[in-house]
There are 2 protein chains.
Amino acid sequence: MKQSQLFTKTRREAPKDEVAKNAQLLIRAGFIHKEMAGVYSYLPLGLRTLNKIRGIIREEMNSIGGQEIHLTALQDKRNWEATDRWSDEKVDNWFKTNLKNGNEVGLGFTHEEPLTALMKDHISSFRDLPISAYQFQTKFRNEERAKSGILRGREFLMKDLYSFNVDDKAHQEFYEKAKMAYVKIFERAGIGAQTYVTFASGGSFSKYSHEFQTTCEAGEDLIYVHEEKKMAVNKEVFNDEVLKDLKLEKSQLVEKKSIEVGNIFSLGTRFSEALGLNYKDAEGKSKPVVMGSYGIGPGRLMGTIAEVWSDDKGLVWPESVAPFAVHLVALFDEAGTVKKAADELYEKLTKKRIEVLYDDRDTGAGAKFADSDLMGIPKRYVISEKSLKSNSIETKDRLTGKVEMVPIR
Amino acid sequence: MKQSQLFTKTRREAPKDEVAKNAQLLIRAGFIHKEMAGVYSYLPLGLRTLNKIRGIIREEMNSIGGQEIHLTALQDKRNWEATDRWSDEKVDNWFKTNLKNGNEVGLGFTHEEPLTALMKDHISSFRDLPISAYQFQTKFRNEERAKSGILRGREFLMKDLYSFNVDDKAHQEFYEKAKMAYVKIFERAGIGAQTYVTFASGGSFSKYSHEFQTTCEAGEDLIYVHEEKKMAVNKEVFNDEVLKDLKLEKSQLVEKKSIEVGNIFSLGTRFSEALGLNYKDAEGKSKPVVMGSYGIGPGRLMGTIAEVWSDDKGLVWPESVAPFAVHLVALFDEAGTVKKAADELYEKLTKKRIEVLYDDRDTGAGAKFADSDLMGIPKRYVISEKSLKSNSIETKDRLTGKVEMVPIR
């Protein structure tokens, strides 16, 4: 894409009311726009990165047999009354509104209830199981405070997968597969080294749930990390009994701030019993389906990457999620020689299906380099009068800063 | 995909409260699920078709220079007060809700206001124009009645593009390009022959707007069609003055019911003036930006295709939007010969990147054919003991019913 066509502009300063580093950088670089606290729009560069993240998650969800669907935001209260999660006393972050006939409806903050109810149309026998289904869908949560940029939104995109199995054993097998898929997702998104499988409280149906926590100063959570075992314990279950259970020594653990980038839950039969999702087993006996849920917020993941991979000049995207692979920066001369060479190079790279943002603007070198550093595209190719003297481009790696002269072929 | 893995089941009867043909068929075939009146979830097959439609629209929007973004559902009322569209007296289908601090927010039923406000960060000079930006985003409209299935939803996906130009002339040029892109979209989606560019009322900034109306018994609109000129006039502007203006004779026009599948609007400076979106022209003079808006509901389009392309047996998808290209139906024998041949053929087709739904279920031929007709995948390949005797498959075209024996190579 030619940068002269990109409608977004970078800016020196983030809005004054924006205190989160991730949002400050992403707003300044033109990736997102703040509509109100905790509510952000995605602009072309931001949507490209968000889609790269979605693509990684989708591939890994498909690889464990997940089938993609799309549920609705508007929620029928009857499903939520059945599980006792409708009242504001039980769930304190509902957004609710009214139909013309006065009936109250909710805006989904999660989707166990509607999907469990939906599955009653499709599950009747053990032969119909296992099933796992996922979606990328907008959740609404009426947060009291929303000061963490895209790490905690009142409206945000969520990938939520739900699994349906005949019994605990089958559930546990799927759960382990999902856990490994999550490990892969965070590795592929460039934060594998900082992300720990973390033991957290499990609720009524299992001893523990698992969170994926990325260590980072901006984190709202506290975890205790065992570096060698690449695991951690959430502060909420950090006690002697749990440590003994997990065979961990307090002395080996280091307290760190972290961001919860994913979580996986065993739900047992909590939702299937409440909503009547049963199947007939091989003997014809009716049994409730055993469920699990598995969440990742692609926006939160993008914000986490922005927190982890940035420096004082701006964003530093891992290749797998960068909006473009190459930032071609042309420093035009008056003769038009540089423009001609840059246009040709842009064509050539594009034909090779390399994703290039081509800075073809009539702007000075300083502003171009500052914008390029701020946007954080992994490879910068600078083409200028000087570089053309040796028929070369100057390449610069955004992460390492390494500069090389590479001949134009 | 193997059909034994697909979690959805077909059903003989649609829910009793579902009166729209499109939703009846789509629910029976397992494409969508009704959450409540006017609120539908998309299941795996339905999401595949919806994504094909999105893909066509995206390509055509990109081809006219549209840049994809993603705005939010939650709306800051200040933007809407500025244009006098916040009060329920002015706009009667708002859904509204409250933040914890008591502030009222709306759920976007369209996005002129937030995008106009957003563009103030990115437009300051004539050099920044033209811009066009679009999104696929969920709209919420508190409809009094919602009985038309996915043709009219309380929550629905919308592709909305907005254009920003320096003056009416530049706007008009873009508007014509957008109109042609819309014509292409409906052709590619398989309803070109039934879809008419229709003159409708233009509002304060232009004489007419243009709708794209697909003639169909399920339609809620009435239009007057000129078959040869491939154009129509909406009933709302069907009067002598307009006919004279458009050089049409009443006698040449035929009244038809139709579904509005798209519309394009010149907005003039209605929104830019109200929200202060101005640019400096070449002389440094401040001027309001001239805008247009261009909408298509991908879900409504899917529902329209289902209305137009269906028969008493079920859906009949055009190839371009079908969830799969081929329905491979295997009628297993006891020896396992058919299964072996069908598995091989499935592998072979999949390797060629042909999208195949492989009915590998242990079900009788009658049920398999009925499901196949209901789902409406364009090509059916039947493999059976009988067909294998001549080392062939029996192919059947869902639209024409034409059957052929084709040798397996």
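The values are calculated or read from the model by the stated rules, or taken from the named source; none is laboratory data. Bear in mind the structure is a predicted one, so any value in this text is a computation, not a measurement. Quick reminder, even Gly has a Cβ in these numbers, built from the backbone with ideal geometry, and neighbours come from all protein chains shown.
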* Out of all the residues in segment A:364-383, is one or more buried (at least 17 other Cβ atoms within 10 Å of the Cβ) and of a type in the set (Ser, Thr, Tyr)? -> yes
* **Residues within segment B:5-47 that are basic (Lys, Arg), within 10 Å of chain A (Cβ to nearest Cβ) and not in a loop (DSSP other than H, G, I, E, B), tallied** => 1
* Asked: Which one is farthest from B:Lys379 (Cα to Cα), of the residues in segment B:300-329 that are touching a Phe, Trp or Tyr at 6+ places or on another chain (Cβ under 7 Å) and surrounded by fewer than 24 Cβ atoms within 10 Å (Cβ to Cβ)?
  -> B:Trp309
* To do: May I ask you to list the residues in segment A:104-129 that are surrounded by 21 or more Cβ atoms within 10 Å (Cβ to Cβ), in a loop (DSSP other than H, G, I, E, B) and among the small types (Gly, Ala, Ser)?
  => A:Gly108
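So that you can scan it fast, the table gives a plain yes or no per residue for (1) aliphatic (A, V, I, L, M); (2) out of contact with any helix residue (DSSP H, G or I) (no Cβ under 9 Å at 6 or more places or on another chain):
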residue: A:Glu283; (1), (2): no, yes
residue: A:Gly292; (1), (2): no, no
residue: A:Gly295; (1), (2): no, yes
residue: A:Met302; (1), (2): yes, no
residue: A:Gly314; (1), (2): no, no
residue: A:Ala322; (1), (2): yes, no
residue: A:Asp333; (1), (2): no, no
* **Among (1) closer than 16 Å to B:His111 by Cβ; (2) at the interface with another protein chain (Cβ under 8 Å from one of its Cβ atoms); (3) surrounded by fewer than 20 Cβ atoms within 10 Å (Cβ to Cβ) - the single one B:Leu71 does not satisfy** => (3)
* To do: State whether one or more residues within segment A:56-78 are in contact with a Pro (Cβ under 9 Å, 6 or more places away or on another chain), of a type in the set (D, E, K, R) and under 24 Å from A:Glu273 (Cα atoms).
  => yes
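Taking into account only those residues within segment B:114-132 that are of a type in the set (A, V, I, L, M) and out of contact with any Leu (no Cβ under 7 Å at 6 or more places or on another chain), which is farthest from the other protein chains (Cβ to nearest Cβ)?
Here the answer is B:Leu129.
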* Condition met for A:His111 (within 30 Å of B:Lys100 (Cβ to Cβ), within 11 Å of chain B (Cβ to nearest Cβ), in contact with a Ser or Thr (Cβ under 9 Å, 6 or more places away or on another chain) and not charged (D, E, K, R)) -> yes
* Sole residue being within 9 Å of another protein chain (Cβ to nearest Cβ) and assigned to a strand (DSSP E or B), chosen from A:Lys139, A:Lys96, A:Lys100 -> A:Lys96
* Structure fact -> Going through segment B:79-93 in order, the residues found to be more than 29 Å from the chain's Cα centre (by Cα) and assigned to a helix (DSSP H, G or I) are B:Glu81, B:Ala82
* Unmet criterion (only one of (1) more than 24 Å from the chain's Cα centre (by Cα); (2) more than 8 Å from chain A (Cβ to nearest Cβ); (3) surrounded by fewer than 21 Cβ atoms within 10 Å (Cβ to Cβ); (4) under 25 Å from A:Gly30 (Cα atoms)) for B:Asp76 -> (2)
* Which listed residue is in contact (Cβ under 8 Å) with a residue 12 or more places away in the chain, outside the structural domain of B:Leu115 (by TED's automatic domain parsing) and more than 28 Å from A:Asn165 (Cβ to Cβ), from B:Ala14, B:Ala82, B:Ala37, B:Ala73 -> B:Ala14
* Asked: With (1) surrounded by 21 or more Cβ atoms within 10 Å (Cβ to Cβ); (2) more than 10 Å from chain B (Cβ to nearest Cβ); (3) part of a loop (DSSP other than H, G, I, E, B) as the list, and A:Ile53 as the residue in question, which single condition is left unmet?
  -> (3)
* Structure fact -> If we keep only residues of segment A:194-226 that are in contact with an Asp or Glu (Cβ under 6 Å, 6 or more places away or on another chain) and at pLDDT below 95, then the residue farthest from A:Asn239 (Cα to Cα) is A:Ala218
* Asked: Yes or no: A:Ala117 more than 26 Å from A:Tyr279 (Cβ to Cβ) and out of contact with any Ser or Thr (no Cβ under 9 Å at 6 or more places or on another chain)?
  -> no
* Which of (1) under 20 Å from B:Arg58 (Cα atoms); (2) surrounded by 24 or more Cβ atoms within 10 Å (Cβ to Cβ); (3) touching a helix residue (DSSP H, G or I) at 6+ places or on another chain (Cβ under 7 Å) does B:Gly153 not meet, given it meets every other one? -> (1)
* To do: Specify which of the listed residues (A:Gly66, A:Gly38, A:Gly46) is farther than 30 Å from B:Pro44 by Cα, buried (at least 23 other Cβ atoms within 10 Å of the Cβ) and of a type outside the set (D, E, K, R).
  => A:Gly38
